[in-house]
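Below: the structure, in C-alpha cells.
The values are calculated or read from the model by the stated rules, or taken from the named source; none is laboratory data. Computed from a predicted model, the values in this text were never measured in an experiment. Positions of Cβ are backbone-derived with ideal geometry, glycine not excepted, and every protein chain shown enters the neighbour counts.
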Amino acid sequence: MRASPTSPKFFPGRVRLAVLVASVCGGCKGAVSFELETPSAKIDAGATTPTTSTEPPRSAVRIVRAGDRLTYENGEIEFETGSAELKGTTTAEVLDQLAASLRRYPALVVLVEGHTDSRGRRDSNQRLSEARARAIEAALIKRGVGLDRLSTIGLGESRPARAEPTICHNKTEEKVPKDRLTDCHEIWGFNRRSAFVVKEGAETLPAEGTAVSPPPVVAAVAPVARAKQRLDRPDWALRMFGGYSLGMPVPTLHGGHLGIGVHASQRFGKRDRGYIGGGPRLHYRGLRHHERDEAAGTASDLVVHQFGPEGNLLIGGGSKKIVGLFSLRVGLGISAVKGSSVDGLMSASVDEKKLGGWALGGVVILGKLSPRWSLGGHLEAGILGIPNLGPLLEVGLNVAWHFGRGRRDGI
C-alpha cells in the first residue's frame, strides 16, 4: 500500500525504499517514484532487550520476483536529462544485482521495456525510451549476461501505468497549478519507468515476492563460470542465399544461383571481435549461353543446370551488429547441359549430364537485424567446371534465421 506524506505512518525512523518504477523518460529528469514505508526504528515498548537483525543492510539492492517481472528494491536506475547516459549513485548496484540474478537463473530470457510520461513530443519520447532500454541492455551485457537472453522495446508514453488527468497530461511544471503539482509528479513518476519482463524461464524462479538476487557470499563467484559457459555456445543458423551468376570474361554465359544450408559460427578473441563459421549447403545454379554469328553462320543456345552439395567456410570479424568475412566455397554436383548448336549447314543437339564442380572465394558482409534474423550480401569469384573449366563471378544476398542458445551472439 502506498503511504502519502500526510499518512500517520510517516514519522522518524528507518526508511525502507521499494522502487516501483525506474527512470526511462522522455526529456524528463531521471527520477523514479518510490513506495515509502517507515516502520519506527525504535524498539517496541514491550520489548526488554534489542534484537540483532540478520537481514542484509537496508541499503543493499535486491531483485524480487513480481509475477512475470523482476523488480528491484533499495536503488534507482537514473539517466542524464533527455539522454540515454546512465548516472546515479545506485544505478551500477541495481544493474550489478540484475546481472547477477540473470546469471543465477540461466534459463531466464528478459525483455527490457522503456516507458515515459506524456511530457514532451511523442516521437521524442519514443526514441528516448528505446535508447534508454538499449543502454540498460548494453550495461547488462558488459556484466556478463548473454545477448541471447536480452531484448529491448521502447514504448514511449503509449502504456502509462496510471492515467494522466488533463491537468497533468503533457504539461510543463509551470502550467500545472501549484496545489496539483505534487499529484502530477507522483503520476509522472509511475509512468516513466523501465521494466524487466520474463519471457522464458519463469518456472525456474522462486515464489512470488521472493528475492532472486544471489546472496552476497556467492554473488561474486557463480557468475564467472556461467559467463565463460556462454562464450562456448555456438550460433546455429539456417542460411539462405541467392543472386546473379556471370561467366567471365564472356558475358554470354549468365544466370542465377540459390541455396540453403545449416551453419555454425563462434565468436572469439578478447572482445569477441573474431568470427569463424561454416557448414554444408545445397546449391543450385542455372546458366544460359546464347551466341550467334551471322557472318560465320554459327549459333549456339545452351542451358546449364547445376545442383549439388557444397561446403562453406567464413572467417573474419567485426562488432555484435555487423561483420566482414572472407568466404570460401567448394562444391561438387551434377551438371545437366541441354541445347543446340548450328555451324553452317550442320546442326546438333546437346543433352548431357556430367559431374562438375566449383570453387569460389570472396567477401561476405553480414548484419544483425534482430536476435533471430540477419541479412547480408556476397561477392565471390572463382572457377566453374561443367566439366570444362571457366571463370565465374557471383553476387547476391544472404539471409539467416538463427536458432539455438547462442543465437543472439551470432550473425
* Failed item, numbered, when GLY390 is tested on (1) small (Gly, Ala, Ser); (2) surrounded by fewer than 20 Cβ atoms within 10 Å (Cβ to Cβ); (3) free of Cβ contacts under 8 Å to residues at least 60 places away in the same chain -> (3)
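Per-residue answers, yes or no, for (1) small (Gly, Ala, Ser); (2) under 18 Å from HIS402 (Cα atoms):
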site: GLU291; (1), (2): no, no
site: ASP301; (1), (2): no, no
site: VAL304; (1), (2): no, no
site: SER319; (1), (2): yes, yes
site: GLY333; (1), (2): yes, no
site: ALA336; (1), (2): yes, no
* Asked: Pairs, please: C-beta under 9 Å, at least 6 apart or cross-chain, first residue over 12 Å from GLY339 (Cα atoms) and in region 286-299, second exposed (fewer than 12 other Cβ atoms within 10 Å of the Cβ)?
  -> ALA296/GLY344; GLY297/GLY344; GLY297/LEU345; THR298/GLY344
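Hey, can you tell me all the residues within region 60-78 that are among the small types (Gly, Ala, Ser) and surrounded by 19 or more Cβ atoms within 10 Å (Cβ to Cβ)?
Filtering region 60-78 for residues among the small types (Gly, Ala, Ser) gives 60, 66-67, 75.
Correct list: GLY75 only.
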* Please enumerate the residues belonging to region 79-111 that are among the aliphatic types (A, V, I, L, M), surrounded by fewer than 19 Cβ atoms within 10 Å (Cβ to Cβ) and in a loop (DSSP other than H, G, I, E, B). => ALA107
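Are any of the residues in region 239-250 modelled with pLDDT of 85 or more, assigned to a strand (DSSP E or B) and loosely packed, with under 14 Cβ neighbours inside 10 Å? Lay out the reasoning, then the answer.
Of all residues in region 239-250, those modelled with pLDDT of 85 or more come to 239-246.
Next, only the ones that are assigned to a strand (DSSP E or B) stay: 239-246.
Keeping just the survivors that are loosely packed, with under 14 Cβ neighbours inside 10 Å gives 244.
Looking through region 239-250, at least one residue is modelled with pLDDT of 85 or more, assigned to a strand (DSSP E or B) and loosely packed, with under 14 Cβ neighbours inside 10 Å.
If I go through region 200-216 residue by residue, how many of them are of a type in the set (S, T, N, Q), buried (at least 16 other Cβ atoms within 10 Å of the Cβ) and assigned to a helix (DSSP H, G or I)?
0
Are any of the residues in region 203-218 over 26 Å from the mean Cα position of the chain (by Cα), modelled with pLDDT under 55 and more than 30 Å from GLU173 (Cβ to Cβ)? Show your work before the answer.
Initially, region 203-218 is screened for residues over 26 Å from the mean Cα position of the chain (by Cα), giving 206-211, 215-218.
Those left that are additionally modelled with pLDDT under 55: 217-218.
Of the ones still in play, those that are also more than 30 Å from GLU173 (Cβ to Cβ) are 217-218.
So far as region 203-218 goes, yes, one or more of its residues are over 26 Å from the mean Cα position of the chain (by Cα), modelled with pLDDT under 55 and more than 30 Å from GLU173 (Cβ to Cβ).
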* When region 254-311 is examined, which residues are found to be within 21 Å of ARG372 (Cβ to Cβ), part of a strand (DSSP E or B) and of a type outside the set (A, V, I, L, M)? -> GLY259, GLY261, HIS263, SER265, GLN266, ARG267, TYR275, GLY277, GLY278, GLY279, ARG281
* To do: State all residues of region 300-317 that are touching a Ser or Thr at 6+ places or on another chain (Cβ under 7 Å) and either outside the structural domain of GLY261 (by TED's automatic domain parsing) or more than 22 Å from VAL363 (Cα to Cα) (or both); if no residue qualifies, say none.
  => SER300, ASP301, VAL304, GLN306
* Asked: Mind checking whether some residue in region 43-63 is of a type in the set (A, V, I, L, M), assigned by TED's automatic domain parsing to the domain that holds LYS199 and at pLDDT 85 or above?
  -> yes
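For region 312-327, give me each residue that is part of a strand (DSSP E or B) and of a type outside the set (Val, Ile, Thr).
Of region 312-327, the ones part of a strand (DSSP E or B) are 312-318, 322-327.
Result: ASN312, LEU313, LEU314, GLY316, GLY317, GLY318, GLY324, LEU325, PHE326, SER327.
Looking only at region 109-141, which residues are out of contact with any strand residue (DSSP E or B) (no Cβ under 9 Å at 6 or more places or on another chain) and at pLDDT 90 or above? I'd like the intermediate steps shown before the answer.
First pass over region 109-141, keeping only residues out of contact with any strand residue (DSSP E or B) (no Cβ under 9 Å at 6 or more places or on another chain): 117-124, 138.
Result: ASP123, ALA138.
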